[in-house]
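S.K.: Here it is: the structure, laid out below.
The values are calculated or read from the model by the stated rules, or taken from the named source; none is laboratory data. Since we're looking at a predicted model, the values are computed, not measured. FYI the Cβ positions are ideal-geometry reconstructions off the backbone, even for glycines, and counts take in every protein chain you see. Only protein heavy atoms, including side chains, enter the accessible area calculation; ligands, DNA and RNA are left aside. Shrake-Rupley method; radii C 1.70, N 1.55, O 1.52, S 1.80 Å.
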Amino acid sequence: MSNTRSRRKGTAVNRTPEKDPEDWTTGDEEMTGPQESYLHTLAQEAGKEVPEELTKAEASQLIDQLQEETGRGR
């Protein structure tokens, strides 16, 4: 059993539901180091450039977009 899911009466309960990045309380902070690193990896695979000074929310949205383009988000 993973630490983000538990079983209750045969159903999985997600303890960390996804929240829209625009609703994040820290979404306007500078993107994290891991976000930046992963973005550069995805962008290189997609043949794209990563804009500088993205926020956490913007980085998250771009990661989702690039995962779709590269097939890594499956």
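S.K.: Identify the residue in the range 13-50 that is in a strand (DSSP E or B) and open to solvent by 50 Å² or more (accessible area, probe 1.4 Å) and, among all such residues, is modelled with the highest pLDDT.
M.R.: Restricting attention to the range 13-50, the residues satisfying the condition of being in a strand (DSSP E or B) are 13-14, 30.
So of that shortlist, the ones also open to solvent by 50 Å² or more (accessible area, probe 1.4 Å) come out as 14, 30.
Details: Asn14: 56, Glu30: 93.
In this case the residue turns out to be Glu30.
S.K.: Being open to solvent by 80 Å² or more (accessible area, probe 1.4 Å) and touching a residue at least 12 places away in the same chain (Cβ under 8 Å): is that true of Glu68 here?
M.R.: Details: open to solvent by 80 Å² or more (accessible area, probe 1.4 Å): yes; touching a residue at least 12 places away in the same chain (Cβ under 8 Å): no.
Criteria not met by Glu68.
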